[in-house]
There are 2 protein chains.
Amino acid sequence: MISAHVSPQGTKPAIEEGLLLMPKFDANGLITAVAVDARTKDILMVAHMNAEALEKTIATGQAWYWSRSRGMLWLKGETSGQIQTIEEIRVDCDQDCLLLLVTVAGDGGCCHTGRQQCFYRRIDGVSDEGAIRLAFV
Amino acid sequence: MISAHVSPQGTKPAIEEGLLLMPKFDANGLITAVAVDARTKDILMVAHMNAEALEKTIATGQAWYWSRSRGMLWLKGETSGQIQTIEEIRVDCDQDCLLLLVTVAGDGGCCHTGRQQCFYRRIDGVSDEGAIRLAFV
């Protein structure tokens with residue numbers, strides 16, 4: 001069996017209009033990945049992948065990320081049960097960002113704080129001193 | 001009038017559970033921003049803001065970004081008419097990503113390729129040689 005592998009970056013037309021995945025990893029070898037609930041379209045989390053995480057995600061159909069804090073590959077949900085099964089992966093115009101449409105196992109959540117989604121606060125205003133205040137959504 | 005300004009990063013509890021915006025900018029002074037259509041929940045684009053872009057976005061109610069390719073502040077839609085009016089800004093648990101719920105003016109699009117959204121291709125399979133193929137969605 002041949003393993004999937006990402007292609008090197010090509011010309012601008014190949015990147016923007018081509019039909020080969022040639023992701024633009026940043027200086028740390030990472031690409032941003034936005035995980036979205038395939039059914040509700042809620043944005044669950046934003047994390048990062050290196051080439052190996054992306055290849056493992058494609059090979060297994062489950063979302064693997066690179067943990068910047070722990071410096072290791074990370075199967076999302078391995079301990080929490082919140083495995084993200086991939087329904088579809090999209091890439092943006094300049095191929096420096098991925099969009100994962102996922103179905104979440106376990107309790108359906110994703111955030112390490114225990115909340116269902118990571119975006120649980122919104123900007124709510126500015127204090128008299130100019131500090132930007134948040135509120136829980 | 002006092003201008004809004006972001007607060008410096010605080011303790012982990014302050015970042016994760018607090019009610020002050022204290023964004024974690026990366027080594028280049030940037031934070032990732034995901035722009036979502038407030039009505040359809042479609043993900044339009046992913047871009048970056050520095051502190052000034054974020055403060056201008058909050059002050060004006062229109063999305064400003066930092067263009068990494070041009071090295072300058074950028075009012076999205078200034079030339080295309082695709083101005084993004086901010087309906088809500090959310091921040092994630094560790095405050096290193098923003099979610100913008102926007103209403104887009106002009107033709108409602110956002111991508112410089114002329115498409116309505118930047119995520120117009122999906123991973124479609126793997127070639128015999130292991131290259132990851134894309135298809136238009």
Name the one entry in B:95, B:82 that is part of a loop (DSSP other than H, G, I, E, B), within 30 Å of residue B:13 (Cβ to Cβ) and under 16 Å from the mean Cα position of the chain (by Cα).
-> B:95
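How many residues does region A:102-114 hold that are within 22 Å of residue B:101 (Cα to Cα) and either more than 9 Å from chain B (Cβ to nearest Cβ) or free of Cβ contacts under 8 Å to residues at least 40 places away in the same chain (or both)? Don't jump to the end; show me each part of the working.
Pass one, region A:102-114, residues within 22 Å of residue B:101 (Cα to Cα): A:102, A:109-111.
Restricting the remaining residues to those that are either more than 9 Å from chain B (Cβ to nearest Cβ) or free of Cβ contacts under 8 Å to residues at least 40 places away in the same chain (or both) gives A:102, A:109-110.
Going through region A:102-114 one residue at a time, the tally reaches 3.
Just to verify a result, which residue in region A:53-79, among those that are among the basic types (Lys, Arg) and assigned to a loop (DSSP other than H, G, I, E, B), is surrounded by the most Cβ atoms within 10 Å (Cβ to Cβ)?
A:76
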Scanning region B:26-48 for residues that are under 16 Å from residue A:38 (Cα atoms) and surrounded by fewer than 17 Cβ atoms within 10 Å (Cβ to Cβ), the one farthest from the chain's Cα centre (by Cα) turns out to be B:40
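Across region B:115-137, which residue is farthest from the other protein chains (Cβ to nearest Cβ) among those that are farther than 14 Å from residue A:94 by Cα and not in a strand (DSSP E or B)?
Step one: filter region B:115-137 for residues farther than 14 Å from residue A:94 by Cα, giving B:116, B:123-133, B:135-137.
Right, trim to not in a strand (DSSP E or B) and you get B:116, B:127-130, B:137.
Details: B:116: 12, B:127: 8, B:128: 7, B:129: 7, B:130: 4, B:137: 7 Å.
Residue satisfying both the conditions and the ranking: B:116.
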Restricting attention to region B:1-52, report how many residues are free of Cβ contacts under 8 Å to residues at least 40 places away in the same chain and assigned to a strand (DSSP E or B).
-> 3
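Where residues in region B:1-25 are of a type in the set (Ser, Thr, Tyr) and out of contact with any helix residue (DSSP H, G or I) (no Cβ under 7 Å at 6 or more places or on another chain), which of them is surrounded by the fewest Cβ atoms within 10 Å (Cβ to Cβ)?
Start the filter on region B:1-25 by keeping residues that are of a type in the set (Ser, Thr, Tyr), which leaves B:3, B:7, B:11.
If we keep only those that are out of contact with any helix residue (DSSP H, G or I) (no Cβ under 7 Å at 6 or more places or on another chain) too, we end up with B:7, B:11.
On the way: B:7: 18, B:11: 10.
Result: B:11.
No lab work stands behind these numbers, since they all come straight from the coordinates. Since the model is a prediction, treat every value here as computed from it, not as a measurement. Counting neighbours? That spans all protein chains shown, and the Cβs are built from the backbone with ideal geometry, glycine included.
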